[in-house]
Amino acid sequence: MTTVVDHLAELTAFRDRDALDATLVGALKDLLQPLAVAIYRRVGEPGGERWLTRARLGPGDLTPHADPLFADLESLPALDAHPQRAACLLEQRTLVGEPAPEGAQAGTVLACFPLGGEGDSAGVLELVAARPLGEEQRRLVASILRIYRNFQGLLDYSERDTLTGLLNRKTFDESFLRVALGAQPDAAAVPVEQRRPGVSGAPWLGVVDIDHFKRVNDTHGHLIGDEVLLLLSRLMRSSFRHHDRLYRFGGEEFVVLMRCGSADDAAAAFERLRHNVESYAFPRVGRITVSIGFTQVRAGDTPTAAFERADQAVYHVKQNGRNQVADHAALVARGALADAARESDVELF
């Protein structure tokens, strides 16, 4: 009993999802001694959904393995490649005593537990063992998962914008370095060297601002304005990749953190969003447009410095017709904006 309590205390000690998942699989490996235990999440759009490994401990593993923060979607296994896992997820039912999937040790059995959640947060816990879990073991897993889900709910409440479900302003500073550097700041999280190679490229930050949003609220009321914000968040989710970080900073301002190979790739991603918003028929409101500015995250950047550069590009767009995408570096190169960082260097010396 003391061992279980110790694991529960460790499980709820972190405010980091990677550390939480790694701790959960470690606790179950210690308590149940299965051959393997893993957490998998569903990612991707309907029709092209994949399995993302969040944390996995196999035979002989001392630390969990996981897919990278910016995993290439095409490199991940398709949802239907693991039918038992898919049935557990889609039907939200526990599977116990199933034959282990192809590739597992002969004679082993599978137990699969749904983790709940929606969209990319939906997932399963999977155990491969030499024999079926007993009733007491199943109750233990179910009890631990109830605590896990409740704690995940608390994290969602503190990290997510209540209207749109996107990440909130508070989480931006906390995750900026992780996205920019691809690092894991918490020693209990899955080590970087244990992750498969992911999407290469530099980190980019974009600021998205709805044009004339005050006019929407003044003309149609705040309820319609909130509907516009909610629908825009859905357009953002469908316009970007599953691993791109999407934030609502408040009001009509949104932020995107992602990795891309070049400025052209980043511009194409933001242009896709701009086009999708312009083409969408918002109920009661009709046509809405957005102004977008973006910048490459530089070595040694602070969250504030990177955000301010992208925000300067947004301001330039607002002053020059709106409904456009602008790269801060390109604006500086053609003399439309001054590089504040370089101006500061001149002042220092």
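The values are calculated or read from the model by the stated rules, or taken from the named source; none is laboratory data. All values reported here derive from a predicted model rather than from experimental measurement. Reconstructed Cβ throughout: ideal geometry from the backbone, glycine too, with neighbour counts over all protein chains shown.
When you scan the range 79-86, do you find a residue that is among the acidic types (Asp, Glu) and at pLDDT below 90, even just one? Show your work before the answer.
Residues of the range 79-86 among the acidic types (Asp, Glu): 80.
Next, from what is left, pick out any that are at pLDDT below 90: none.
Among the residues of the range 79-86, not one is among the acidic types (Asp, Glu) and at pLDDT below 90, which makes the answer no.
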Residues (closer than 20 Å to Leu257 by Cβ, part of a helix (DSSP H, G or I) and touching a Ser or Thr at 6+ places or on another chain (Cβ under 9 Å)) located in the range 316-330: Val317, His328, Ala329
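Considering each of Gly225, Gly293, Gly206, Gly250 in turn, give the residue that is outside the structural domain of Arg54 (by TED's automatic domain parsing) and at positive phi.
On the way: Gly225 fails: at positive phi; Gly293 fails: at positive phi; Gly206 fails: at positive phi.
Result: Gly250 is the single residue among Gly225, Gly293, Gly206, Gly250 that is outside the structural domain of Arg54 (by TED's automatic domain parsing) and at positive phi.
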Residue list for the range 39-77, filter: within 25 Å of Arg234 (Cα to Cα) and out of contact with any strand residue (DSSP E or B) (no Cβ under 9 Å at 6 or more places or on another chain): Glu45, Pro46, Gly47, Asp72
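So, Arg259, is that one within 21 Å of the chain's Cα centre (by Cα), in the same structural domain as Thr171 (by TED's automatic domain parsing), of a type in the set (Lys, Arg) and surrounded by fewer than 22 Cβ atoms within 10 Å (Cβ to Cβ) or not? Break it down into steps so the answer makes sense when it comes.
Details: within 21 Å of the chain's Cα centre (by Cα): yes; in the same structural domain as Thr171 (by TED's automatic domain parsing): yes; of a type in the set (Lys, Arg): yes; surrounded by fewer than 22 Cβ atoms within 10 Å (Cβ to Cβ): no.
When the stated conditions are applied, Arg259 does not pass them.
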Residue count, the range 205-223 (criterion: assigned to a helix (DSSP H, G or I) and touching a helix residue (DSSP H, G or I) at 6+ places or on another chain (Cβ under 8 Å)): 3
Every residue from the range 329-343 that is under 19 Å from Val297 (Cβ atoms) and either at pLDDT 85 or above or surrounded by 11 or more Cβ atoms within 10 Å (Cβ to Cβ) (or both): Ala329, Ala330, Leu331, Val332, Ala333, Leu337, Asp339, Ala340, Ala341
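Considering only residues of the range 185-204 that are in a helix (DSSP H, G or I) and not β-branched (Val, Ile, Thr), which is modelled with the highest pLDDT?
Within the range 185-204, the first condition is being in a helix (DSSP H, G or I), and the residues that meet it are 192-194.
Now narrow it down to the ones that are not β-branched (Val, Ile, Thr): 193-194.
Details: Glu193: 39, Gln194: 45.
Step by step, filter the range 185-204, then rank; the result is Gln194.
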Cross-chain or 6+ apart pairs with Cβ under 8 Å, the range 124-144 first and outside the structural domain of Arg93 (by TED's automatic domain parsing) and over 20 Å from Thr108 (Cβ atoms), then in a helix (DSSP H, G or I) and of a type in the set (Phe, Trp, Tyr): none
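Of the residues that sit in the range 237-261 and are part of a strand (DSSP E or B) and among the basic types (Lys, Arg), which one is modelled with the highest pLDDT?
Within the range 237-261, the subset part of a strand (DSSP E or B) is 245-250, 253-260.
Within this subset, residues satisfying the condition of being among the basic types (Lys, Arg) are 245, 248, 259.
Values: Arg245: 92, Arg248: 96, Arg259: 90.
Selected residue: Arg248.
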Condition met for Ala13 (modelled with pLDDT under 85 and not in a helix (DSSP H, G or I)): yes
